[in-house]
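Just so it is clear, none of the values below were taken in a lab; they were calculated from the coordinates. In this text the structure is predicted, and so the values were computed from the model without any measurement. Cβ atoms come from the backbone with ideal geometry, glycine included; neighbour counts cover every protein chain shown.
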Amino acid sequence: MANDYAIIGTEKAKDYAFQSLKIKELASTYRVLSDIYIAEKNMNEAERSLKRGLEICDDDLQMEVNLLNDMSELKHLVGETDEAARLSKRVIAMSDSLQRKWDNDSIKEAQHRFKAQKDSQNSKDKISEISITASVIVVVLLVGSCIVVYYNVRKRRKAKLIIDGQQEQINDQQEQISSQQDKITDYEKEAAVAARRIEKLADKEQEYKRAADNLRRNMKNMEKRHDRNIEEAQQCMAERVAKGHELWKILYSGGKMVAWTKEERDLFIEYYKTIKPEFARQSSLSQSMLFYNMLLDMGKTEEDILAIMGLTLSALRTMKSRMKKENTDNQDGQDNQDNQVV
């Protein structure tokens, strides 16, 4: 009744099958149970049922062929085409082997019966009857063989169609795999080129970074040196201004410069130009002329200046004459410049 699951329903059919298995495990029952599971789309249970049927089918080659054929169709349904093709080939091989075994057993059985009947014949009528019976058996066996051959041929054609379809799918998949591999190769090449470019850019970035670090260090060092130079210059200037002021105080208090060194004279002139910027414009005058003008600016008389500078009266007159001529030349030059501008 489990075979009638299409009529009675899969649940009742499974109940009948389970009750039958409790009584005795039969490979045929597991085969029916796998059909029920396939109808329920439960492929895992269907496969387990077929495997259990194969384990207990013992020497029943026909049942083993049927179970393997069902397993092949199940694998084809779940998309395991390679395994389905392998099982189909195994079914074909076992069917051929089973057919040869049937043929041999049938011939042996016919010969055995014929011999037994021949030995037991007591009359020509009995012999004729046995011959007719044997002929009928042979005919029946031949018809059965034809049916089995037709069934096997049909199975082979079906298996061949499955195998051809699977081979076509395999070829398509291989073409797709080859195409994907070509694309992967192209992507790998592009990735390698990009990686090399990134590596070069990274090297350049590191080089630029090192150069920038060096520039920053150099700038800091230059700033430090500049600051030191400014400090030194300011310190030096302060010292020179302080010395110049000391020399100014000497002259202001009535001291003399006759014994001064050239450096001391320069320090005094530099200091006086600092406190009186208008003397900075008298760059064309000699050092003695500058001293004369600065001493006059300090309120010193010509007698004081003669004593301070250690000059004679004639030397002073000569210096004043040169200063007057120098001033006249400078004034004429300035007038010429003014006329050119106009």
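At-a-glance table
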quantity	calculated
Spacing of the two label points (7 Å from each Cα toward its C-beta) at residue 82 and residue 45, in nm	3.0 nm
Which listed pairs, of 22/51; 51/158; 24/89; 262/300; 200/224; 14/75, have C-alpha distances above 28 Å, in listed order	24/89; 200/224
Potential lengthening between residue 231 and residue 317 on full extension [0.36 nm per residue; Cα-Cα distance subtracted]	26.5 nm
Pairwise centroid distance, computed over Cα atoms, of region 206-269 with region 32-74, Å	109 Å
Simple spin-label estimate for residue 100 and residue 262 in nanometres, 7 Å along Cα-Cβ	13.2 nm
Proximal lysines relative to residue 220, as straight alpha-carbon distance under 27 Å, when same-chain residues fewer than 8 apart are discounted	204, 209
Full-stretch length increase - residue 284, residue 184 - with 0.36 nm per residue and alpha-carbon distance subtracted	27.3 nm
Shape of region 1-111, Cα gyration tensor, a/c cut at 1.5	oblate
Assigned charges on the beta-carbon of Lys, Arg, Asp, Glu; region 193-319 dipole about Cα centre (debye)	780 debye
Region 213-271 shape via C-alpha gyration tensor axes, a/c threshold 1.5	prolate
